[in-house]
Amino acid sequence: MHQLSFDSDRRILMARLSGVFGSEELAALDADLVHFLSRQPQPESVRGLLDFRDVVAIALPESKVVERARRPPIVRGQRVMVAPTGMGDSFAMLYRAHQRLATGKEPTVVNTLEEALEILGVTAPNFEPVTE
């Protein structure tokens, strides 16, 4: 499951993931990101924050992670992934490495939301749920 929220002042789109993250969820997340960005003026200026803190299991085969990582990123601005040690960090590192090899771009991977916000230069975020 995922929930998108957007800080329109700072142009940061956050996807909070929860439960089991598998192939169907990855496809649904990608579709929702594309849909949201298609309605944004200057979508290339939107930065991304992918939050794995509430994920209980990653149910993606390594081949699926590599396949997705080899495609261009959907969010083209700065990207940060919150992947706590033990849950999501191995997925995030695999994704990051293959994305760097395939596209020359890679997300920053951190352990906490606080670290992610610091990297994005945000002290008081104002994320509002994306309703469509």
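Has region 84-96 got at least one residue that is surrounded by 14 or more Cβ atoms within 10 Å (Cβ to Cβ) and modelled with pLDDT of 90 or more? No; the residues of region 84-96 include none that is surrounded by 14 or more Cβ atoms within 10 Å (Cβ to Cβ) and modelled with pLDDT of 90 or more.
If you check residue 102 against the conditions, is it part of a helix (DSSP H, G or I), small (Gly, Ala, Ser) and at pLDDT 90 or above? Spelling it out, it is not the case that residue 102 is part of a helix (DSSP H, G or I), small (Gly, Ala, Ser) and at pLDDT 90 or above. Within region 4-26, residues that are free of Cβ contacts under 8 Å to residues at least 60 places away in the same chain and closer than 18 Å to residue 83 by Cβ have Cβ atoms under 8 Å from residues that are hydroxyl-bearing (Ser, Thr, Tyr) and part of a strand (DSSP E or B) in these pairs: 16/5, counting only partners at least 6 apart in sequence or on another chain. Restricting attention to region 68-86, the residues being assigned to a loop (DSSP other than H, G, I, E, B), of a type outside the set (Ser, Thr, Tyr) and in contact (Cβ under 8 Å) with a residue 12 or more places away in the chain number 11.
The values are calculated or read from the model by the stated rules, or taken from the named source; none is laboratory data. Note that the coordinates shown come from a computational prediction; the quantities given were computed from them, not determined experimentally. Heads up, the Cβs are rebuilt from the backbone with ideal geometry, glycines too, and the neighbour counts pull from every protein chain shown.
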